[in-house]
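The values are calculated or read from the model by the stated rules, or taken from the named source; none is laboratory data. Quick caveat, the model's predicted, so the values are computed rather than measured. In this analysis, Cβ positions are derived from the backbone assuming ideal geometry, glycine residues included, and neighbour counts consider all displayed protein chains. When the accessible area is computed, the model is the full protein with side chains, heavy atoms only, and any ligands, DNA or RNA have been set aside. Shrake-Rupley method; radii C 1.70, N 1.55, O 1.52, S 1.80 Å.
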Amino acid sequence: MQLQRYNMAEVVEKAEHLPYVTTVVLRLMEIISNPDVSVQEVVGEIKKDQGLVARVFKVANSTFYGRLKRAENLNDAVVTVGLRGLYSLVLADVVKQVLMTADQGDQSLWKHAVKVSVASVVLAKEMRCNALDDALVGGLVHDIGKAFIESVYPGISSFINQKVAKDSVTYEDAEMSILGFDHAAIGASVTEKWNFPAKMVDVIRHHHGPNDMKDVCVASQELLRMIKLANVISSQYDQLPKVCKGNEAHEVLGSLGTLDLTPDRLTSLMEEIKVKWENENKLYY
């Protein structure tokens, strides 16, 4: 693949119209956004997609929602998940389709997204954040721009990774050098056009940005801090224990200015996240 500059507007336009999203999903996103929608309307639409039916039951009966009695019918499952949770589930399915379509056989994009999502939920619980659904989806969606770029230009990620290794630069710097834009900008632009929630667009646009969040709406700031820390933990977990111990690991992660965690608590959370990665993958596949 030759070095060249790509036009960001062209990439956004092509990515926006790739056949990721089914008619059922688009309709669900539309009707769930209506505060007056009935459970019966939602159930009727979900029934048109048997894969989505299975996913709703799996999530409703998972430990994530702590239901004491299994949901035996779709109405009960939808009520358990709730419209907010269902909207998050639909978004997660869209993200999964995008990432797995763009992955080059190894599902690396999706596997990383799952790790960040699981870590984000653990951090959200630690911070007593009520929006666990936002943490779950935010972790999944943060790198969606990489998938958009790879889908429009198959093989470009390998070229970018070669530059990262050769020049010892970040992935984002390599993108800027090769493309003239990065995955955060592409991801935010496309998902804005898809009417993703503003919080999710903020996560996508700013998850690699500086700690100064003056340009991010207040409602997004706590979520973004959790995603940024979860992303670093997920990317560096295997390396950190080898080079850092105790306070040193805390200094490396704490330098993000993300969450007010003591060294001992951060170490404990990292171990909890590792266990969750091993035990909760079934929610995502």
Conditions (1) over 20 Å from V21 (Cβ atoms); (2) in contact (Cβ under 8 Å) with a residue 40 or more places away in the chain; (3) in contact with a His (Cβ under 8 Å, 6 or more places away or on another chain) -> A184 fails only (2)
Considering every residue within segment 148-155, establish whether at least one is over 22 Å from the mean Cα position of the chain (by Cα) and not small (G, A, S). no
Looking at segment 108-119, which of the residues that are open to solvent by 20 Å² or more (accessible area, probe 1.4 Å) and touching a residue at least 60 places away in the same chain (Cβ under 8 Å) is farthest from V21 (Cα to Cα)? K115
Single residue of segment 120-167 satisfying the filter (among the charged types (D, E, K, R) and within 28 Å of K276 (Cβ to Cβ)) that is surrounded by the most Cβ atoms within 10 Å (Cβ to Cβ): K146
Only unsatisfied item for T267, checking (1) open to solvent by 50 Å² or more (accessible area, probe 1.4 Å); (2) modelled with pLDDT of 80 or more, is (2)
Among (1) in contact with a Pro (Cβ under 9 Å, 6 or more places away or on another chain); (2) at pLDDT below 90, which single condition is D133 missing? (1)
Filter segment 167-180 for residues that are in contact (Cβ under 8 Å) with a residue 40 or more places away in the chain and in a helix (DSSP H, G or I) and give the result. I178
